[in-house]
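Q: Sharing a structure below in structure tokens format, with a few things to ask.
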Amino acid sequence: MLIDSHCHLQDRKFGEDMADVIGRATESGVTAMVTIGYDMPSSRRAIEIADAHENVYATVGVHPHDAKTLTTSDGEELARLAESPKVVAIGEIGLDFFRNLSPREDQYLAFREQLAVARAVNLPVVIHSRDADEEVYEVLAEHAEELGAPEDRLIGVMHCYPGDLPQSLRYIRLGFAISIAGPVTYAKSNVTRAVAGAVPLTSMTVETDAPYLPPQRVRGQRNEPANVRDVAEFVAQLRGTPYETVAEETAKTTSRLFGLTTSVAERAGGAR
Ligand SMILES: [Zn+2]
């Protein structure tokens with residue numbers, strides 16, 4: 001088992017060769033992929049792709065970059081889209097005070113509104129956080145409190161989380177998983193390496209964020225879900241753990257987070 005917990009198969013860079021991309025992922029041992037929405041059109045498209053491919057799941061949400069575009073009717077549509085059987089989370093949502101492509105007030109509004117949707121439809125959330133750690137933590141702490149979730153339940157994931165180990169552990173205590181992406185393989189990623197080496201696998205997922213963030217081996221190229229193997233292999237090396245353990249344990253965490261347990265386990269136990 002190996003799951004790419006975060007990719008964007010609906011990106012323009014895929015399309016022509018999407019079937020090949022999914023085929024290569026399967027060949028490299030990827031048992032499931034979660035294709036992540038970032039605005040309304042990409043959320044609708046994520047569902048279409050998931051409906052067409054058994055091992056692809058979808059999330060729906062509006063990224064902080066596009067927060068200024070979110071309308072009230074979009075919030076209602078997100079709740080409707082979330083009812084679709086292959087939709088496993090709301091996201092990616094959050095705050096990005098690095099690029100500030102939407103005004104901060106709009107980012108806050110969109111973030112809070114979509115967390116409310118997640119609570120209403122009872123789905124976990126996929127979080128994008130950049131240069132806004134304290135602010136994101138505050139909002140998510142409120143969300144966790146509103147949920148009153150039991151301690152062992154995962155309520156979301158910090159996607160490609162750039163924070164350090166103490167910051168990561170703080171999110172884990174709130175009920176979040178920490179997702180490790182391709183940049184862990186870059187030479188200067190000491191902070192992320194420390195996180196990937198220490199966070200319990202029961203709270204860790206791996207991802208590509210494809211077509212973005214290619215791991216070192218394919219740096220400069222279009223990234224794709226097959227390369228999540230590079231991430232899992234690197235994490236295994238860092239921890240001195242067999243690759244199979246990291247692949248399997250992070251897949252279990254991802255399944256638990258997104259509620260894939262039954263379907264993915266059935267597939268993994270299948271003929272291949
Ligand atoms: Zn992403």
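Q: Restricting attention to region 10-27, and to residues there that are out of contact with any Pro (no Cβ under 7 Å at 6 or more places or on another chain) and within 24 Å of His128 (Cα to Cα), which single residue is nearest to the ligand (Cβ to nearest atom)?
A: In this case the residue turns out to be Gln10.
Q: I'd like to check something: does region 28-49 contain any residue that is assigned to a helix (DSSP H, G or I), at pLDDT below 95, away from the ligand (no atom under 16 Å from the Cβ) and within 30 Å of Glu248 (Cβ to Cβ)? So that I can check it myself, show each step before the final result.
A: Pass one, region 28-49, residues assigned to a helix (DSSP H, G or I): 40-49.
Going one step further and asking which of them are at pLDDT below 95, we end up with none.
No, region 28-49 has no match at all.
Q: Got a sec? Which of Glu224, Glu135 is in contact (Cβ under 8 Å) with a residue 12 or more places away in the chain and within 21 Å of Ser255 (Cα to Cα)? If you could, list the steps in order and put the result at the bottom.
A: Numbers: Glu135 fails: within 21 Å of Ser255 (Cα to Cα).
From the options Glu224, Glu135, the qualifying one is Glu224.
Q: Given the conditions (1) within 13 Å of the ligand (Cβ to nearest atom); (2) crowded, with 19+ Cβ neighbours inside 10 Å; (3) more than 18 Å from Ala181 (Cα to Cα), report the number of the one that Cys7 does not fulfil.
A: So Cys7 meets the others, but not (3).
Q: Please count how many residues of region 91-116 are within 18 Å of Glu146 (Cα to Cα) and in a helix (DSSP H, G or I).
A: 9
Q: Oh, and also: I'm checking my understanding of the structure. Among residues of region 182-228 that are aliphatic (A, V, I, L, M) and within 16 Å of the ligand (Cβ to nearest atom), which one is surrounded by the fewest Cβ atoms within 10 Å (Cβ to Cβ)?
A: Applying the filter and picking the extreme gives Leu213.
Q: Starting from residues that are among the aromatic types (Phe, Trp, Tyr) and within 16 Å of the ligand (Cβ to nearest atom), keep the ones in region 91-111 and report whichever is surrounded by the most Cβ atoms within 10 Å (Cβ to Cβ).
A: Step by step, filter region 91-111, then rank; the result is Phe111.
Q: Sticking with this structure for a sec: Restricting attention to region 138-175, and to residues there that are touching a residue at least 40 places away in the same chain (Cβ under 8 Å) and either away from the ligand (no atom under 16 Å from the Cβ) or of a type in the set (Ser, Thr, Tyr) (or both), which single residue is farthest from His63 (Cα to Cα)?
A: Out of the qualifying residues, it is Leu154.
Q: What is the number of the single condition among (1) out of contact with any Lys or Arg (no Cβ under 7 Å at 6 or more places or on another chain); (2) farther than 16 Å from Val126 by Cα that Pro103 does not meet?
A: (1)
Q: Could you figure out which of (1) within 15 Å of the ligand (Cβ to nearest atom); (2) surrounded by fewer than 24 Cβ atoms within 10 Å (Cβ to Cβ); (3) of a type in the set (S, T, N, Q) isn't true of Ser179?
A: Exception for Ser179: condition (2).
Q: Applying the selection to region 59-90, what residues are away from the ligand (no atom under 13 Å from the Cβ) and either part of a strand (DSSP E or B) or among the hydrophobic types (A, V, I, L, M, F, W, C) (or both)? Explain how you work it out, then say what you get.
A: Initial filter on region 59-90 (away from the ligand (no atom under 13 Å from the Cβ)): 60, 67-88, 90.
Correct list: Val60, Ala67, Leu70, Leu78, Ala79, Leu81, Ala82, Val87, Val88, Ile90.
Q: Is it true that some residue in region 156-175 is modelled with pLDDT under 95 and of a type in the set (Phe, Trp, Tyr)?
A: Within region 156-175, one or more residues are modelled with pLDDT under 95 and of a type in the set (Phe, Trp, Tyr).
The values are calculated or read from the model by the stated rules, or taken from the named source; none is laboratory data. Keep in mind that this is a model prediction, so the values were computed, not measured. All Cβ positions, even for glycine, are placed from backbone atoms using ideal geometry, and neighbour counts span all protein chains on display.
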